[in-house]
Amino acid sequence: MEKTDAGNRLLIRFLLVLGVTFAVFLFWRGVIASAQGRERGGNGEKRYESVLIMPGDSFSSIVGKYKEKGYFSSNDFKEEMMHINNLNSEIVHTGEYVILPYYD
């Protein structure tokens, strides 16, 4: 009888530790996701805008002009812009459209 009680107590302790560990994991996961959201543009909803490249525009000038719509880092904005538009370099041409991410 005592072995069964000891086994039950051990099982309860194990489940309690497992539950607390899982709760801490979920909490930190939310904290990290929230921090990444602020880093990538804050609490607003992510949207996209199509922009026509005009004469005199360059990749850098576009980044400088549109980055303020929610990105804190020009590099983050550049990387996402290149990924969205499937660009392998920072070369853009007049008359082309690029899709730009931003946060509302």
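Just so it is clear, none of the values below were taken in a lab; they were calculated from the coordinates. Predicted, not measured: the structure shown is a model, and the values here were computed from it. Backbone-built Cβ (ideal geometry, glycine too); neighbour counts: all protein chains shown.
Ranked by how many other Cβ atoms sit within 10 Å of their own Cβ, fewest first, the residues Asp76, Asp104 fall in the order Asp104, Asp76. Note on Ser61, Ser89: ascending count of other Cβ atoms within 10 Å places them as Ser89, Ser61, the fewest first.
Around the amide H of Leu100, modelled in the peptide plane, lie the amide H atoms of Glu49, Ser50, Val51, all under 5 Å away and 5 or more residues distant in sequence or on another chain. When Val24, Val63 are arranged by Cβ crowding within 10 Å, least crowded first, meaning fewest neighbours, the order is Val24, Val63.
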